[in-house]
Amino acid sequence: MLDFRIYQDCFSTPEMRDIWSEQATISAWLDVEQALARCQADVGVISKAAASAIEAIRLDDIDHRELIAEMALVGRPIVGLVKQLRLLVGVHGGEVHFNSTTQDIMDTAMVLQIKQGLELISASCEALVRRFDELAEENTGTIMIGRTNGQHAVPMLLATKFGVWQSELSRRLEAVEQAQSRGLNVQLGGPVGDLRGYEKSRGMRVKAAMAEKFGIGIVEPHWQNARDGIADIISSLGALCASLCKIARNVNLLSSSDIAEFSEVHVAGKGASSAMHHKRNQRGSEFMEAVARLGRQRAEQVGEMTLHEHERSGGAWIGEWVVVPEVFLLTSGAVKWANLLFDNIGINTEKMAERCKIEQFA
């Protein structure tokens with residue numbers, strides 16, 4: 001459904017889809033293989049000629065049909081990729097993917113995609129936080145009725161509501177940044193993660209060089225069966241989605257016919273009903289709530305992906321291939337709807353003032 005052209009812009013953004021597309025994912029695998037070769041050559045693990053030959057390979061040189069066929073046979077996409085790379089570099093084939101394993105490549109590539117995805121989400125959320133600041137400033141004197149337990153409470157400042165949302169999202173952004181500092185790490189270790197096959201300190205030097213090249217961190221001794229860093233990032237996005245879902249639900253309630261204190265700026269045909277032509281349904285808050293809810297629910301599944309057995313557990317790891325990208329796609333969609341909604345929010349200050357007056361005499 002996330003790939004349906006009729007739906008995709010409702011659930012994600014083109015920019016996030018580009019990051020997690022099949023082409024971009026294969027490109028990330030290739031980037032990691034090439035970086036591995038160069039870093040190995042720089043410390044004398046493989047020849048510089050081999051590294052240059054591997055770096056000369058372009059994404060267009062990869063036969064995608066062969067990748068698909070190998071994946072169906074082997075159950076791991078890197079096996080087919082490495083087979084093609086070895087054929088493409090000829091005499092240097094034995095130096096491709098040297099001392100590495102599939103998970104090294106896929107994990108590091110995923111981290112690179114996560115890094116790009118977090119940059120997009122952070123930028124969009126920062127814009128939303130700024131918008132809440134603006135709305136609070138624009139409504140410093142606006143009074144509305146507060147509501148607790150679904151009932152009228154006492155009058156309050158509308159700016160306070162926007163301030164709470166701004167503060168909450170700022171904390172969610174901070175949590176995402178903290179998770180990022182723990183979860184963006186290079187993966188390099190070979191079959192059981194211990195850099196076996198490397199002489200002396202060369203393995204550590206290759207690992208450090210790759211981390212520096214990609215601008216990411218290092219975990220010692222490895223994290224191939226310790227997925228807490230990835231879980232931290234995905235959980236932080238799930239919490240962000242939970243906050244967005246809560247905010248959207250409140251806007252939707254305040255936009256109802258019975259309250260009508262908020263509204264989405266009307267555009268001809270927007271929110272139309274096929275059966276009731278008088279209706280102008282609030283689609284922005286509706287989609288923001290639905291997509292954020294899906295993002296939160298999807299993120300909760302990452303806990304299952306942490307339950308690795310021994311040094312590697314494919315049954316847990318494979319789930320990340322679906323869950324991680326979809327959480328990013330859905331989070332991008334939720335934040336997009338939030339920005340669209342609050343960039344075009346209508347506030348009925350007269351209705352708010354009228355309701356406060358009525359309540360004072362109740």
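Per-residue answers, yes or no, for (1) in contact with a Gly (Cβ under 7 Å, 6 or more places away or on another chain); (2) under 26 Å from GLY346 (Cβ atoms); (3) among the small types (Gly, Ala, Ser):
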| residue | (1), (2), (3) |
| --- | --- |
| GLN151 | no, yes, no |
| MET156 | yes, yes, no |
| ALA159 | no, yes, yes |
| SER170 | no, yes, yes |
| LEU173 | no, no, no |
| GLY183 | yes, no, yes |
| PRO191 | no, no, no |
| ASP194 | no, no, no |
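Do you know which of the residues in region 163-201 that are among the hydroxyl-bearing types (Ser, Thr, Tyr) and surrounded by fewer than 20 Cβ atoms within 10 Å (Cβ to Cβ) is nearest to ASN139 (Cα to Cα)?
SER167
For LEU340, only one of the following conditions fails: (1) without any contact (Cβ under 8 Å) to a residue 24 or more places away in the chain; (2) within 22 Å of ILE121 (Cβ to Cβ); (3) not polar (S, T, N, Q). What is its number?
For LEU340, the exception is condition (1).
For MET210, are the conditions met, namely being more than 25 Å from CYS356 (Cβ to Cβ), part of a helix (DSSP H, G or I), over 18 Å from the mean Cα position of the chain (by Cα) and free of Cβ contacts under 8 Å to residues at least 60 places away in the same chain?
Spelling it out, it is not the case that MET210 is more than 25 Å from CYS356 (Cβ to Cβ), part of a helix (DSSP H, G or I), over 18 Å from the mean Cα position of the chain (by Cα) and free of Cβ contacts under 8 Å to residues at least 60 places away in the same chain.
Of the residues LEU88, LEU36, LEU67, LEU73, which single one is in contact with a His (Cβ under 8 Å, 6 or more places away or on another chain) and either part of a helix (DSSP H, G or I) or within 21 Å of PRO325 (Cβ to Cβ) (or both)?
Just one listed residue meets the conditions, LEU36.
Residue check, ALA127 against (1) of a type in the set (A, V, I, L, M); (2) in contact with a strand residue (DSSP E or B) (Cβ under 9 Å, 6 or more places away or on another chain); (3) surrounded by fewer than 19 Cβ atoms within 10 Å (Cβ to Cβ), all met but one. Which one?
So the condition that ALA127 fails would be (2).
Within region 150-195, count every residue that is part of a loop (DSSP other than H, G, I, E, B) and free of Cβ contacts under 8 Å to residues at least 12 places away in the same chain.
Residues in region 150-195 being part of a loop (DSSP other than H, G, I, E, B) and free of Cβ contacts under 8 Å to residues at least 12 places away in the same chain: 1 in total.
Residue by residue, here is whether (1) buried (at least 17 other Cβ atoms within 10 Å of the Cβ); (2) more than 29 Å from the chain's Cα centre (by Cα); (3) more than 30 Å from GLY333 (Cβ to Cβ) holds:
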{"position": "GLN23", "(1), (2), (3)": "no, no, no"}
{"position": "VAL32", "(1), (2), (3)": "yes, no, no"}
{"position": "LEU36", "(1), (2), (3)": "yes, no, yes"}
{"position": "ASP42", "(1), (2), (3)": "no, yes, yes"}
{"position": "SER52", "(1), (2), (3)": "no, yes, yes"}
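Here are LEU240, LEU244: which of them is surrounded by 22 or more Cβ atoms within 10 Å (Cβ to Cβ), closer than 17 Å to VAL291 by Cα and touching a Cys at 6+ places or on another chain (Cβ under 8 Å)?
The match here is LEU240.
Read-outs throughout are calculated quantities, based only on the coordinates presented, and are distinct from any laboratory measurement. Every value quoted in this text rests on a predicted model; they were computed, and no experiment measured them. With ideal geometry, Cβ positions are generated from the backbone for all residues, glycine too; neighbour counts draw on all protein chains shown.
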